[in-house]
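S.K.: Once you've had a glance at the structure underneath, I'll fire off some questions.
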Amino acid sequence: MKHVIDLGPLPSLPVVGSTDLFPVGRIYCIGRNYAEHAREMGHDPDREPPFFFMKPANALVPNGATIPFPQVTKDLHHEIELVVAIGKGGADIQSKNALDHVWGYGVGLDMTRRDIQNDAKKLGRPWEMGKGFDNSAPCAALQPASKIGHPSQGAIWVKVNGVTKQNSDLKEMIWNVSDSIAYLSGLVTLQPGDLIYTGTPAGVGAVQRGDKLEGHIDGVGDLTVSYAR
Ligand code: MN
């Protein structure tokens, strides 16, 4: 049997040092996983359990791309994030076993139409149109955990047009990668090919047409994308 329309290739990410591709099924994102960012958004980081939202897998953008400026928004924000690629699925994964489910890591940007997200918050509506829009998930090639291990500390930063805007350390995450996988897999059954964007540090801010974003995570890599004029 053949499909009645052609969707083209599956969403996927390149693998560093290889011609292989990592196929992407779903993208989960954690909200407010760095205390300073929770505070800058007006929340108390000590009182909230982790929460999650999603982006469609075809929102991925490869390293080096020039991205059309998104529709509608007047307040597009950058959020630099460590991305976890799940290689082995499961439900109710225990924190102590969680890293066995990780295939690798990447440097990602959770691009956010902040004005639309803020309207949704005010009106008690879903976040998707603020978070899950076209090209909202830039992500660099993945590093296999078999090669780099499991990063738990190290610099995470993003520059806009050469100026540092977010600059923190992975060790500032409220829920580390293990705890995040344990928590998320208690809500849904994780599948091979899932990505988890693990939240952003403080310093989020606006991106304009023509801006160049350069992200970095120690031991994981670099991500550069630009916005079209
Ligand atoms: Mn985020």
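The values are calculated or read from the model by the stated rules, or taken from the named source; none is laboratory data. In this text, all values refer to a predicted model and were calculated from it rather than measured experimentally. Ideal geometry is used to build each Cβ from the backbone, glycine not excepted, and the neighbour counts take in all protein chains shown. Side chains included, ligands, DNA and RNA excluded: accessible areas come from the protein's heavy atoms. Shrake-Rupley method; radii C 1.70, N 1.55, O 1.52, S 1.80 Å.
S.K.: Are any residues in the stretch 1-16 open to solvent by less than 100 Å² (accessible area, probe 1.4 Å) and at pLDDT 95 or above, and if so, which ones?
M.R.: Passing the criteria: P11, S12, L13, P14, V15, V16.
S.K.: From P23, P45, P49, grab the single residue that is touching a helix residue (DSSP H, G or I) at 6+ places or on another chain (Cβ under 6 Å) and touching a residue at least 40 places away in the same chain (Cβ under 8 Å).
M.R.: P45
S.K.: Surrounded by fewer than 20 Cβ atoms within 10 Å (Cβ to Cβ) and either of a type in the set (K, R) or within 15 Å of the chain's Cα centre (by Cα) (or both), is that true of K122?
M.R.: yes
S.K.: Is one or more of the residues making up the stretch 22-30 within 13 Å of the ligand (Cβ to nearest atom), surrounded by fewer than 17 Cβ atoms within 10 Å (Cβ to Cβ) and within 18 Å of the chain's Cα centre (by Cα)?
M.R.: no
S.K.: Checking the structure you have, find out if any residue of the stretch 97-106 is loosely packed, with under 14 Cβ neighbours inside 10 Å and either at positive phi or in a strand (DSSP E or B) (or both).
M.R.: For the stretch 97-106, residues loosely packed, with under 14 Cβ neighbours inside 10 Å and either at positive phi or in a strand (DSSP E or B) (or both): absent.
S.K.: Run S168 past the list (1) under 15 Å from the mean Cα position of the chain (by Cα); (2) within 15 Å of the ligand (Cβ to nearest atom); (3) not basic (K, R) and report the number of the one that doesn't hold.
M.R.: (1)
S.K.: Please work out if G42 is within 15 Å of the ligand (Cβ to nearest atom) and among the small types (G, A, S). Full working, then the answer.
M.R.: On the way: within 15 Å of the ligand (Cβ to nearest atom): no; among the small types (G, A, S): yes.
No, not satisfied.
S.K.: Quick one: which strands (runs of 3 or more DSSP E) sit completely within the stretch 146-229 and have at least 2 residues that are open to solvent by 10 Å² or more (accessible area, probe 1.4 Å) and farther than 17 Å from G89 by Cα?
M.R.: 155-160, 163-169, 212-217, 221-227
S.K.: How many residues are under 21 Å from the mean Cα position of the chain (by Cα) and not in a strand (DSSP E or B) when one looks only at the stretch 1-19?
M.R.: 3
S.K.: State which residue is nearest to the ligand (Cβ to nearest atom) when the search covers only the stretch 45-69 and only residues that are part of a loop (DSSP other than H, G, I, E, B) and farther than 23 Å from A141 by Cα.
M.R.: That would be P50.
S.K.: For I116, state whether it is β-branched (V, I, T), open to solvent by 10 Å² or more (accessible area, probe 1.4 Å) and more than 16 Å from the ligand (Cβ to nearest atom).
M.R.: Spelling it out, it is not the case that I116 is β-branched (V, I, T), open to solvent by 10 Å² or more (accessible area, probe 1.4 Å) and more than 16 Å from the ligand (Cβ to nearest atom).
S.K.: On the phi < 0 side of the Ramachandran plot and more than 14 Å from the ligand (Cβ to nearest atom): does that describe A202?
M.R.: no
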